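Below is one structure, written out as structure tokens; the observations come after it.
The values are calculated or read from the model by the stated rules, or taken from the named source; none is laboratory data. Since the model is a prediction, treat every value here as computed from it, not as a measurement. Positions of Cβ are backbone-derived with ideal geometry, glycine not excepted, and every protein chain shown enters the neighbour counts.
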Amino acid sequence: MLNGQLALVTGGGRGIGRATALALASRGAAVAVNYLSDHRAALEVVTLIESGGGRAFAVQADVRREADVQRMMERLCTEEVPLSIVVNNANIPFVLKPLPDLTWSEFSQKVTWELEAAFLLTQGACAIMKPRHYGRLVYIGAGLAHHAAPGWSAHGVAKAALEQFAKYVATEYGPWGITANVVIPGLVQTDASAFQPQEYRQRVIEQTPLGRIARTEDIAGAVLMLVGEDSAFISGASIPVNGGII
């Protein structure tokens, strides 16, 4: 159980973030639901958690902006329970375009924003966690960091860099009892993936030993595993959640 802990989920209003926020609350954590612009979606998650007897609140911040992250961390420090869990999930926009047609600006912007968000969030959260010698950081990666697909280079390279960043976090913050791990989803059934043609979805299903596309709850379950005490000695790991695709 996660009673007495505060969890921050960035991009917590929709998709994987929503499922993760609800899952953490179901285990007893108080949940800060971060959002960029969709206040209504974040409040829906808060309402669901509170209707189940949990504690949650929405907090707006652009995780790519240092001032926003600092303001968010100051808000979290006003809570009675300490910040113990951070799920770096916010969707960083990118250009979906074949590499020959991609400009350097389009490519580098995604890589920069992905790492800037993770960097700012990590430094801000760990500054709070270090005095208590306890913290759980989980970064949401992507299978495209390991399996290249035409048009997805900016996203795939950014997520590959995020995985390596998490290893350094695990190495340098480990002495303070802080773990850092990455959950790597394959294709997940969300609004963000709805644009994928049915033919593509069917191909993924056929290649997946477990015979289906991931649900957001599947990803949330992996996050729960990594923030629980049974996984206290797991750090610097990247966990694929893709139904067995090798």
Could we say that residue 101 is touching an Asp or Glu at 6+ places or on another chain (Cβ under 7 Å) and among the acidic types (Asp, Glu) here? no
For segment 4-22, name all the residues that are at negative phi, more than 11 Å from the chain's Cα centre (by Cα) and not in a helix (DSSP H, G or I). 5, 6, 7, 13, 14
From the option list 114, 106, single residue qualifying as acidic (Asp, Glu), closer than 28 Å to residue 218 by Cβ and modelled with pLDDT of 95 or more is 114
Among residues of segment 1-54 being of a type in the set (Val, Ile, Thr) and either buried (at least 24 other Cβ atoms within 10 Å of the Cβ) or in contact with a Lys or Arg (Cβ under 7 Å, 6 or more places away or on another chain) (or both), the residue farthest from residue 122 (Cα to Cα) is 45
Scanning segment 41-76 residue by residue, the ones that are β-branched (Val, Ile, Thr) and in contact with a Gly (Cβ under 7 Å, 6 or more places away or on another chain) total 2
I'd like to know if segment 77-97 contains one or more residues that are touching a residue at least 12 places away in the same chain (Cβ under 8 Å), more than 17 Å from residue 34 (Cα to Cα), crowded, with 18+ Cβ neighbours inside 10 Å and basic (Lys, Arg). no
Select, from 18, 27, the only residue that is over 21 Å from residue 186 (Cβ atoms) and of a type outside the set (Val, Ile, Thr). 27
Would a scan of segment 156-179 turn up a residue that is of a type in the set (S, T, N, Q), surrounded by fewer than 24 Cβ atoms within 10 Å (Cβ to Cβ) and under 21 Å from residue 2 (Cβ atoms)? yes
All positions within segment 96-135 that are of a type in the set (D, E, K, R) and either under 15 Å from the mean Cα position of the chain (by Cα) or not in a loop (DSSP other than H, G, I, E, B) (or both): 101, 106, 110, 114, 116, 130, 132
Here the residues within segment 170-203 that are in contact (Cβ under 8 Å) with a residue 24 or more places away in the chain, more than 15 Å from the chain's Cα centre (by Cα) and in a helix (DSSP H, G or I) are 170, 171, 173, 174, 176, 191
Residue count, segment 44-74, condition touching a residue at least 40 places away in the same chain (Cβ under 8 Å), of a type outside the set (A, V, I, L, M, F, W, C) and part of a helix (DSSP H, G or I), comes to 2
Subset of segment 153-192 (residues that are at pLDDT below 95 and farther than 16 Å from residue 90 by Cβ): 186, 187, 189
State all residues of segment 213-241 that are in a loop (DSSP other than H, G, I, E, B), modelled with pLDDT of 95 or more and either of a type in the set (Gly, Ala, Ser) or more than 23 Å from residue 5 (Cα to Cα) (or both); if no residue qualifies, say none. 215, 228, 232, 235, 236, 237
Quick one: residue 148 ticks every box in (1) closer than 18 Å to residue 16 by Cα; (2) at pLDDT below 95 bar one, so which box is it? (1)
When segment 140-161 is checked residue by residue, the ones that are farther than 20 Å from residue 237 by Cβ and either part of a helix (DSSP H, G or I) or of a type outside the set (Gly, Ala, Ser) (or both) are 150, 152, 153, 154, 155, 157
